[in-house]
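Data first, discussion second: the structure below is written as C-alpha cells.
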Amino acid sequence: MELRHVRYFDAVAETLNFTRAAERLHVTQSTLSHQIRQMEDELGTLLFDRSGKKVRMTEAGEILRSYMTPALEQIDRGVQALRGDAETLTGSIRLGTTPSFNTRMVPLCVSSFLHHYPGIQVTVEELSAAMIARRLASGHLDLAVSYRPEGSDLWFEPLYNEELRLVVATSHPLAKRRRVRMVELHHVRMVLLHPQFQTRQLLDECFEAAGATPLVVAQLNSVAPMIELIRQTELAGIIGETAVSPSADLRVVPLEDPTPIRTPGMLWQKGATRSPMIKHFADIIRRAAGPAG
C-alpha cells in the first residue's frame, strides 16, 4: 500500500462521492476507482459499499479510517515541518461567505486555521451568493461558503442540509410554540434579509406557497444585527439554525408547511490551483459543517 492509496481513501471517505473526491485529487474518476479497488484487493476486504445510490463506508472502512486519518495528519505535519515552520509561513486567503455562516461557523473556522498558521492573513467578505459567484469567477476570492449558483461553472461541494427557523424574543406571542406553520406568519411583523440574498428568495417562495404575507418592517444585509434587533424588539425573524447561539432571551422555533431548507456548500473555481493552505482551510470547513449534516 502506497501513500497515494491512503490519500485517495481519505478523500473518498470524507466526501462519500467518487466524483467529488476525484475532482479534489485532480485525477479521473476511473483512476480513483481503480486505486481504491487495488487497496481493497490488497487488504482483502471492501472499504466502501457502492451497491446503492449513495456510497457508504463499510465497517472495515470505518475502522481503517479511525487509524489512518490521525496517521495522515501526522505525515502532513511532518512534511510541513520539512518545508518550513508553519509559524513562519506568510501569505493570504480570501474567503467569501453569506451572512448566516459569518456569525458562528466561519469565525470558528478562521480561529482554528490561524491557530495552525498564525502568519497567514485571512480576509473574509460577507456578500450575497450572486456577488460571491462573480468574485470567485474573477479570481478575487479563493474559496467561499455559499449556495449552488445558477448558470455557473464554479465547483460546488455540498456540506449539509439546514432548516431555517423562526427566531423571536421570549416575550413574543409565538415564543412558547413547539412548531409554527408558515401561514401563521401572515401579517406578523418581521425582520428579514434583503431580497438580494438567496435565503430571502427561498423564504419568499415559502411564504407564497403557504399563502402568507408577513409585514416586513426591516430588511438587513447581515444576520448578527438581525438577531440583536429581534432580541430588543417584538419583531420575528427567520434564520438558519446553526447561525443562532443558545440564548436565554431568544427562542428558536421550527417551521413547517413548508419547512424552509437550504443546502450550503463550498465554492471555488474549477481547475484552479489550490495551495496546501487553502486545502487545509477547506478541510477545517468540512469538519465544522460535519456535525450539522
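For this structure, a couple of remarks:
- DSSP-loop trypsin sites (Lys or Arg not before Pro) across the range 216-293, with at most 13 other Cβ within 10 angstrom: LYS270
- Of all stretches in the chain that contain no GluC sites (Glu not before Pro) in a DSSP loop with at most 14 other Cβ atoms within 10 Å, the longest one is 3-149.
- Chain lengthening between THR123 and LEU229 when straightened (0.36 nm per residue, less Cα-Cα): 35.5 nm
- Probing with 1.4 Å while keeping every protein chain in the model, the per residue accessible area of the chain equals 51 Å².
- A straight Cα-to-Cα reach below 27 Å connects LYS54 with the lysines LYS270, LYS279, residues fewer than 8 places away in its own chain not being considered.
- The Kirkwood hydrodynamic radius of the chain, based on inverse pair distances between different Cα atoms, is 21.2 Å.
- Accessible surface of the range 174-217, 1.4 Å probe, proportion on carbon and sulfur as whole %: 48 percent
- Expected 222 nm ellipticity per residue - DSSP helices of 4 or more, -39500 (n - 2.57), all of the chain, to 500: -13000 deg cm²/dmol
- Kirkwood hydrodynamic radius (C-alpha pairs) into Stokes-Einstein, the range 209-293, 37 °C and 0.692 mPa s, D in µm²/s: 201 µm²/s
The values are calculated or read from the model by the stated rules, or taken from the named source; none is laboratory data. Note that the structure is predicted; figures quoted are calculated from it, not measured. Positions of Cβ are backbone-derived with ideal geometry, glycine not excepted, and every protein chain shown enters the neighbour counts. The accessibility values were calculated without ligands, DNA or RNA, using every heavy atom of the protein model including side chains. Shrake-Rupley method; radii C 1.70, N 1.55, O 1.52, S 1.80 Å.
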